[in-house]
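See structure below.
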Amino acid sequence: MARLLRTTAFKLSLLYFAVFTGLSGFLLVSISRNTDALMTEQVVQTVDAEIEGLADQYARGGARGLVSAIDGRARRPDASLYLFVDFAGNVLAGNIARLPTTVLEEADGGVRRVKYARGEGETEREAVVRTFEVPGGFRLLVGRDLGEQTRFRDILGGALRVWLAVVVVMAVVTWAFVSRRVLKRIDAIAASSRQIMDGNLSQRLPVAGNGDEFDRLAVSLNAMLERIEQLMQNLRDVTDNIAHDLKTPLTRLRTRLETTLHEARGEADLREALEATIEDSEGLIRIFDALLRIARVEAMSPDRGLEPVDVAAIAEELADLYGPVLEDEGGSLRLDLKPVPKALGNRELIAQVLVNLIENALKYARRENGQPLAITVMVSQEKDRILLSVADNGPGIALKDRDRVLDRFVRLEQSRTEPGYGLGLSLVRAIARLHGGTLALQEAGPGLKAQIDLMVAPAVRLGGDAQDGNDRS
């Protein structure tokens with residue numbers, strides 16, 4: 001019970017009950033008072049009309065005429081209240097048996113609420129009266145019973161009590177419903193959170209599927225947990241891969257130094273060993289440089305250093321750089337540039353993407369059937385995205401390996417005789433994510449097509465800064 005009393009559901013139900021009860025009470029009290037004031041005003045108007053009529057009777061017939069008029073009016077059904085007394089307090093006419101004596105003594109014509117009884121044995125009731133002093137020492141009281149107003153107040157009071165009971169029941173039902181639904185969801189989230197804290201990063205918060213606030217919160221937190229799990233897995237993979245990929249060159253370096261230390265026979269042997277050691281050290285430095293470059297790209301905010309970039313111009317510059325290299329190897333590099341607007345990106349990083357993809361094609365796409373290597377750099381637009389891709393006519397990558405090859409230190413060439421460290425595509429994927437896009441490896445028929453998508457720069461429209469529509473090669 002103490003736990004339930006501390007819950008937000010209980011506090012919300014209590015607040016609902018207090019606010020709703022206060023508003024309902026204020027509304028009913030306001031209606032009661034205004035209605036009572038209106039009915040009292042109507043009663044006073046009725047009394048004033050009675051007084052005017054009796055004043056006419058007194059003017060025409062004097063005291064005897066007034067007594068006769070009061071007797072006649074007092075016998076009517078639902079008659080008003082009348083009392084006519086002489087200077088000694090003797091009742092001359094009227095239909096009131098019991099009345100506070102002070103009422104007749106204060107004959108100033110003011111409106112008063114008094115208790116009265118029509119008969120000696122009757123219960124006292126409430127009325128509105130006016131008392132006047134009539135010439136000759138007489139006093140006249142005219143009033144109207146307030147029984148209808150009393151009954152109306154009783155009805156409103158009963159309605160208020162029933163309403164408060166209904167509000168209490170509704171508050172309890174609402175509290176029970178909210179407590180059950182909300183506490184159940186919160187307990188499920190807390191249980192999942194404890195599993196996650198215990199190390200089960202694959203656990204996700206439950207989603208009911210009704211799209212409420214808890215679902216939106218759970219979806220956002222699940223996306224965050226997915227990213228955290230992915231980063232943790234990447235960290236484990238990087239640690240394992242570093243341990244595996246660096247162990248061999250470090251062991252080789254240590255063995256070479258030990259062999260040189262024990263078997264070197266002259267300066268030539270020492271120089272050769274030192275040069276090999278320096279070469280291995282430079283390879284290790286390049287690995288760490290590549291890892292740091294990927295880490296820096298992944299740590300950059302999405303809008304940092306992004307500006308309108310002419311992707312086609314970058315492709316042309318790199319084609320001029322790598323074209324002669326392919327020609328020396330008997331291949332060719334072709335450009336397929338569609339007219340596109342400028343992209344929102346980082347010029348240096350986009351150039352790095354093209355360098356890595358072209359280097360990968362040069363390294364792994366050599367044809368074994370003797371056909372010359374052909375690499376095509378393509379720039380096109382699809383809806384609001386600019387597509388940048390590099391395709392080759394090599395053996396390609398098997399479908400089952402296309403996701404795995406994007407991880408750090410993954411190399412499909414098992415012998416590892418080719419230069420490289422398996423970090424090029426990881427860097428391309430990190431750059432694509434920074435630009436709000438993805439890296440996709442597709443079938444080129446034959447060969448492999450690697451493609452990233454970029455955002456169109458704001459306020460740039462096709463036709464202004466776009467390239468000409470001819471296919472350049």
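The values are calculated or read from the model by the stated rules, or taken from the named source; none is laboratory data. Please read these numbers as outputs of a predicted model, since none were measured by experiment. Ideal geometry is used to build each Cβ from the backbone, glycine not excepted, and the neighbour counts take in all protein chains shown. Note: areas computed on protein heavy atoms with side chains; ligands, DNA, RNA excluded. Shrake-Rupley method; radii C 1.70, N 1.55, O 1.52, S 1.80 Å.
Could you check, for segment 199-206, whether at least one of its residues is at pLDDT below 85 and in a helix (DSSP H, G or I)?
no
I'm told Arg411 meets every condition in (1) in contact with a Leu (Cβ under 7 Å, 6 or more places away or on another chain); (2) modelled with pLDDT under 80 except one. Can you identify the failing condition by its number?
The failed condition is (1).
Quick check on this structure: which one of Val178, Val167 is over 30 Å from Glu229 (Cβ atoms) and within 20 Å of the chain's Cα centre (by Cα)?
Val178
Any residue in segment 47-63 that's within 23 Å of Arg113 (Cβ to Cβ): show its pairings with residues that are polar (S, T, N, Q) and surrounded by 13 or more Cβ atoms within 10 Å (Cβ to Cβ) at Cβ separation under 9 Å, as long as the two are six or more apart or on different chains.
Qualifying pairs under 9 Å: Val47/Ser80; Glu50/Ser80.
Within segment 218-236, identify whether any single residue is outside any loop (DSSP other than H, G, I, E, B), over 30 Å from Ser13 (Cα atoms), open to solvent by less than 80 Å² (accessible area, probe 1.4 Å) and touching a residue at least 40 places away in the same chain (Cβ under 8 Å), and answer yes or no.
Yes, segment 218-236 contains at least one residue that is outside any loop (DSSP other than H, G, I, E, B), over 30 Å from Ser13 (Cα atoms), open to solvent by less than 80 Å² (accessible area, probe 1.4 Å) and touching a residue at least 40 places away in the same chain (Cβ under 8 Å).
May I ask you to list the residues in segment 210-242 that are touching an Asp or Glu at 6+ places or on another chain (Cβ under 7 Å) and at pLDDT 75 or above?
None; the set is empty.
Can you tell me which of Ala176, Ala171 is open to solvent by less than 30 Å² (accessible area, probe 1.4 Å) and not in a loop (DSSP other than H, G, I, E, B)?
Ala171
Before we move on, is Leu261 surrounded by 12 or more Cβ atoms within 10 Å (Cβ to Cβ) and either closer than 30 Å to Leu427 by Cβ or without any contact (Cβ under 8 Å) to a residue 24 or more places away in the chain (or both)?
Values: surrounded by 12 or more Cβ atoms within 10 Å (Cβ to Cβ): no; either closer than 30 Å to Leu427 by Cβ or without any contact (Cβ under 8 Å) to a residue 24 or more places away in the chain (or both): yes.
So Leu261 fails the test.
When segment 119-136 is examined, which residues are found to be closer than 27 Å to Gly62 by Cβ and open to solvent by 80 Å² or more (accessible area, probe 1.4 Å)?
Glu133, Pro135 - these are the residues of segment 119-136 that are closer than 27 Å to Gly62 by Cβ and open to solvent by 80 Å² or more (accessible area, probe 1.4 Å).
Can Asp56 be described as modelled with pLDDT of 85 or more and open to solvent by 60 Å² or more (accessible area, probe 1.4 Å)?
Answer is yes for this residue.
For segment 96-110, what are the residues that are among the aliphatic types (A, V, I, L, M), open to solvent by less than 40 Å² (accessible area, probe 1.4 Å) and not in a helix (DSSP H, G or I)?
Ile96, Leu99, Ala107
Note down all Cβ pairs under 8 Å where the first residue falls in segment 278-299 and is under 30 Å from Arg256 (Cα atoms) and without any contact (Cβ under 8 Å) to a residue 60 or more places away in the chain, the second is assigned to a helix (DSSP H, G or I) and open to solvent by 80 Å² or more (accessible area, probe 1.4 Å), and they're at least six residues apart or on different chains.
Once the first residue is under 30 Å from Arg256 (Cα atoms) and without any contact (Cβ under 8 Å) to a residue 60 or more places away in the chain and sits in segment 278-299, its partners that are assigned to a helix (DSSP H, G or I) and open to solvent by 80 Å² or more (accessible area, probe 1.4 Å) give Asp280/Arg252; Leu284/Leu250.
Between a first residue in segment 328-353 that is among the hydroxyl-bearing types (Ser, Thr, Tyr) and a second residue that is part of a strand (DSSP E or B), which pairs have beta carbons less than 8 Å apart while being 6 or more apart in sequence or on different chains?
Within 8 Å, the pairs are Ser332/Ala374; Ser332/Ile375.
Any residue at all in segment 199-209 that's open to solvent by 80 Å² or more (accessible area, probe 1.4 Å) and either farther than 20 Å from Tyr16 by Cβ or free of Cβ contacts under 8 Å to residues at least 40 places away in the same chain (or both)?
No, segment 199-209 has no match at all.
Being surrounded by 13 or more Cβ atoms within 10 Å (Cβ to Cβ) and either modelled with pLDDT of 85 or more or farther than 17 Å from Glu133 by Cβ (or both) is the requirement here; does Val67 meet it?
Criteria met by Val67.
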